[in-house]
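Shown next, in C-alpha cells, is the structure this report addresses.
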Amino acid sequence: PRIVRIVQHWIEVLEHDVKSIRNFIVSHYHALSIFNKHSHLRLLKVVETCFASLL
C-alpha cells in the first residue's frame, strides 16, 4: 500500500540524516568533544540485523 512506501521513504531519509550527523561528529574533534561532554548517549552505527521486521 501507499502508506508503507511513504513510511519506508521516511525511514530511508531519516537513516541518511542520522548517518550524516554521526559522521560529522566523529570527523570533527571539537564536535565530538562537545557531544561527549554534554550527552549521556553513545554514537552508534546503523547495522543490518536479522531481528528487524517489515512494516
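Which number in (1) outside any helix (DSSP H, G or I); (2) acidic (D, E); (3) modelled with pLDDT of 85 or more marks the one condition that E12 misses?
Just one mismatch for E12, condition (1).
Is it true that V26 is modelled with pLDDT under 85, part of a helix (DSSP H, G or I) and surrounded by 10 or more Cβ atoms within 10 Å (Cβ to Cβ)? Explain how you work it out, then say what you get.
Working: modelled with pLDDT under 85: yes; part of a helix (DSSP H, G or I): yes; surrounded by 10 or more Cβ atoms within 10 Å (Cβ to Cβ): yes.
Yes: the conditions hold for V26.
The values are calculated or read from the model by the stated rules, or taken from the named source; none is laboratory data. Predicted model only: the values in this text are computed from it and were never measured. Cβ coordinates were reconstructed from backbone atoms using ideal geometry, including for glycine residues, and neighbour counts include every protein chain displayed.
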